[in-house]
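Remarks on the structure that follows.
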Amino acid sequence: MENLAWAKERITELTGLLERYTYAYYQEDTSLVSDYEFDRLLRELEELEDRYPQFRLPYSPTQRVGGEPVKNFKTVYHTVPMLSLGNTYSREDLTEFDARLRKLTDQPFDYVCELKYDGLSISLTYKNGVLTQALTRGDGSKGDDVTGNVKTIRSVPLRLKQNGYPEQFEIRGEVLMPKSSFEALNRQKEEIGEPLFANTRNAASGSLKLQDPAQVAQRHLDCFLYFLIGDSITEPLHEKRLQLAACWGFKTGNYYKRCATLQDVFNYIDYWEKERENLPFDIDGIVIKVNDTSLWSRLGTTAKSPRWAIAYKFKAQRVLTRLNSISFQVGRTGAVTPVANLEAVSLGGTIVKRASLHNADIIQKMDVRPGDFVYVEKGGEVIPKIVGVELSRREAGVKEYGFITHCPECGAALVRKEGEAGHYCPNEEGCPPQIKGKLEHFISRKAMDIDSLGEGKTELLYEKGLVKNVADFYDLRYQDLFAIEKTIEGKDGEKRQLSFKEKTVENILNGIARSKTRPFERVLYAIGIRYVGETTAKVLARHFGTIDALMNATFEQLCEVEEVGEAIASSVTEFFTREQERQIISRLKAAGLRMEYEEKKGENLLDGKNWVISGTFSRSREEMKRIVEYFGGKLQSGISSKTDYLLAGEKTGPEKRKKAEKENIPIISESEFYAMIGGEPAPDLFESKEESQSAEREERANPVQGSLFD
Ligand code: IVH
């Protein structure tokens, strides 16, 4: 009985604490606790809720990491239709809009100008202060119930703050993907060879429609609310309603502004037209609303949109320039992307020389030909795109363009998969950019994380014929690498002289040797199976346990795994039928890479966190480093603003401690560290045969495995 009462109280307490921390972090930009502490509390709550589900609160923050996947979203009718807005690109229309309203109302009134967020609209229902339903706009009268997905958006309150809110009401707003999340997502997609999202709006809408909330949680969406609905809302002014909503815990953003005159509206537009590029999310215009909602009903709505509001949309910036040629990029997975090389032209403040041409179908549909004058637009898209051809300027003799039939890099005949618009080079084993891409993916941070091989070194090893596939990394010897030299051109166009001196060679070999401690799921991700990203690699590693079991799995067995669809299943089976891949795997195995899944007590506990290690410990410093890396942490040589923890042993210098304190970086003792990773690892688990136990000798960056220097 005692225990039950305690559990209930602790669940309530943890829920409240986590709620407060989430609000502070996502809406007030303040961290009240470290990520580590937050995760610890969340885990404690999860465990308690598992044991005492009867005390789980309907607004529990554990829902933020994702509830049960759904097969199909339920369709639900909106209580009030979700209208769209009349929109315009012209200021004259705004002048007309203003004149019309002033005439109709016959009384002075203000506007509220808001940003027009470029996402997808959402309608949230709260009952007794708790989020009960989230619907997409759908066709305006009925939408999809995406409640589970919306609950993962940290800025959407699961329970309201303060009080004074109606017993039941709806609030509408926009779900969007911040630019930073978008870039991270596209980088991830690029890594696993999936098509990229063209803009943040598509990415937000694609994410909100995922059937697994846990995946949505990884997409880091955001949500701004701008429209309170319900007879029970008594406050008549829209601006005040936004303020009320903010008091209840909604993210309204403080970008909106009351504008008394049309000139004020124009000033607001001018300001944001320039400033939009500095916002952390995309907007595609400005929304102008009558402030006094008592006028809303008087002005009424047309069939599609209210008369009391209008959207002013920013024009996509567009220029005309000459298409000099079309070239092609071949990616890691063999995808061939056509790129337009343009006569340099200024567009929206940047000089554009290249633009996306997407695929053969689009080239054909627009009938674009090298030598043509083309319209280039920069909308919400990352890369400017060609939107049309100015036929009146086509010169005689400009020939029709036929898409390439062979790979520009290796000459192999291109293939087109059924149902896909893109062309692929099938020569996975012999096409240089594909091979280089695979090598680079293998050493990348989330894969084997061999950063000593970055900065063009991998490419150099490939060009020198030392590394042709990922297994070759583990055969490298000191004498292969020493004194290699080459001039390379960095991404910034600057030329650098690369020469492998003693120290570089040691670093490379140490990095490679250290990578052998990466867990199986990272190896699985690193070998670059199409569609197998980090998450899928984890799921597969956990499910099958060993590489052999995975290699022998049938298509059907793969499909049975939750989160594995047919595309992934066929990609995996196809990968392992290739003799070359099987040979690489057996060489990686022989080199000592982990090919078995290990259920770790503290798996990924230190995931991506930056650590500085200082002082002496009960085991060697090298071992401590290996433990940090094994549990997903990253090592840094000195304290910086990016450091998450200082692991301080005995004799840690007072300067280091002071610096950490100044930067608010938690100082972790050896025993605290072991507690963080679920207990002290067995004494020999992270020891290296060649390693000296004396701290002084370790400081000399000795090779981790002597055999590499034979
Ligand atoms: S008000 C009845 N305010 O733009 C009016 N809409 O083209 C409801 N949007 O469907 C909409 N930012 O998805 C409003 N500050 C804002 C907005 C906004 C973006 C979207 C919304 C709407 C579309 C209309």
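Summary of values
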read-out	value
Scan of the range 316-328 for residues that are assigned to a strand (DSSP E or B), over 27 Å from Ile192 (Cβ atoms) and touching a residue at least 60 places away in the same chain (Cβ under 8 Å), ordered by number	Gln317, Arg318, Leu320, Leu323
Test: Ser499 is closer than 21 Å to Gly454 by Cβ and either under 22 Å from the mean Cα position of the chain (by Cα) or modelled with pLDDT of 85 or more (or both)	no
Qualifying residue in the range 656-663 (condition: exposed (fewer than 13 other Cβ atoms within 10 Å of the Cβ), in a strand (DSSP E or B) and not polar (S, T, N, Q))	no
Filtered residues of the range 388-409 (kept if of a type outside the set (Gly, Ala, Ser) and open to solvent by 100 Å² or more (accessible area, probe 1.4 Å))	Leu391, Arg393, Glu395, Lys399, Glu400
Selected residue (criterion: farthest from the ligand (Cβ to nearest atom)) from residues of the range 102-118 that are of a type outside the set (D, E, K, R) and closer than 16 Å to Phe266 by Cβ	Tyr111
Filter result for the condition that a residue is open to solvent by 30 Å² or more (accessible area, probe 1.4 Å) and small (Gly, Ala, Ser), over Ser294, Ser356	Ser294
Total residues in the range 229-280, condition over 12 Å from Leu115 (Cβ atoms), touching a Phe, Trp or Tyr at 6+ places or on another chain (Cβ under 7 Å), open to solvent by less than 30 Å² (accessible area, probe 1.4 Å) and part of a loop (DSSP other than H, G, I, E, B)	3
Residue within the range 519-527 that is open to solvent by 10 Å² or more (accessible area, probe 1.4 Å), in a loop (DSSP other than H, G, I, E, B) and touching a residue at least 40 places away in the same chain (Cβ under 8 Å) present	yes
Selection count where residues are within 14 Å of the ligand (Cβ to nearest atom) and of a type in the set (Val, Ile, Thr), scope the range 126-173	2
Candidate set from the range 34-60 (those that are within 23 Å of the chain's Cα centre (by Cα) and of a type in the set (A, V, I, L, M, F, W, C)); member that is least open to solvent (accessible area, probe 1.4 Å)	Leu42
Unique residue being open to solvent by less than 20 Å² (accessible area, probe 1.4 Å), not small (Gly, Ala, Ser) and not in a loop (DSSP other than H, G, I, E, B) when the list is Val572, Val564	Val572
The one condition in (1) surrounded by 15 or more Cβ atoms within 10 Å (Cβ to Cβ); (2) within 30 Å of Ile269 (Cβ to Cβ); (3) charged (D, E, K, R); (4) over 29 Å from the mean Cα position of the chain (by Cα) that Arg369 fails to fulfil	(2)
Tally of residues being under 31 Å from the mean Cα position of the chain (by Cα), modelled with pLDDT of 90 or more and away from the ligand (no atom under 12 Å from the Cβ) across the range 72-93	4
Filter result (over 15 Å from Asp110 (Cα atoms) and modelled with pLDDT under 95) within the range 286-305	Ser297, Arg298, Gly300, Thr301, Thr302, Ala303, Lys304, Ser305
Segments classed as helices (runs of 4 or more DSSP H), wholly inside the range 404-495, with at least 1 members that are within 31 Å of the chain's Cα centre (by Cα)	432-443, 457-463
Count of the range 138-153 residues which are modelled with pLDDT under 95 and part of a loop (DSSP other than H, G, I, E, B)	4
Residue count, the range 207-228 (criterion: hydrophobic (A, V, I, L, M, F, W, C) and outside any strand (DSSP E or B))	6
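Residues are listed down the side, and each one gets a yes or a no for (1) touching a residue at least 60 places away in the same chain (Cβ under 8 Å); (2) surrounded by 17 or more Cβ atoms within 10 Å (Cβ to Cβ):
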residue	(1), (2)
Thr301	yes, no
Ala311	yes, yes
Val330	yes, yes
Val336	yes, yes
Thr350	no, no
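Okay, residues lined up against (1) within 28 Å of Asn254 (Cβ to Cβ); (2) loosely packed, with under 14 Cβ neighbours inside 10 Å; (3) of a type in the set (Gly, Ala, Ser); (4) in contact with a Cys (Cβ under 9 Å, 6 or more places away or on another chain):
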{"position": "Leu83", "(1), (2), (3), (4)": "yes, no, no, no"}
{"position": "Gly86", "(1), (2), (3), (4)": "yes, no, yes, no"}
{"position": "Tyr89", "(1), (2), (3), (4)": "yes, yes, no, no"}
{"position": "Glu92", "(1), (2), (3), (4)": "no, yes, no, no"}
{"position": "Asp98", "(1), (2), (3), (4)": "yes, no, no, no"}
{"position": "Leu101", "(1), (2), (3), (4)": "yes, no, no, no"}
{"position": "Phe109", "(1), (2), (3), (4)": "yes, no, no, no"}
{"position": "Cys113", "(1), (2), (3), (4)": "yes, no, no, yes"}
{"position": "Lys116", "(1), (2), (3), (4)": "yes, no, no, no"}
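The values are calculated or read from the model by the stated rules, or taken from the named source; none is laboratory data. Please read all numbers here as calculations on a predicted model, not as lab measurements. Every residue, glycine as well, gets a Cβ built from its backbone with ideal geometry; the counts of neighbours run over all protein chains shown. Ligands, DNA and RNA are stripped out before the accessible areas are found, and what is left, the full protein with its side chains, is counted by its heavy atoms. Shrake-Rupley method; radii C 1.70, N 1.55, O 1.52, S 1.80 Å.
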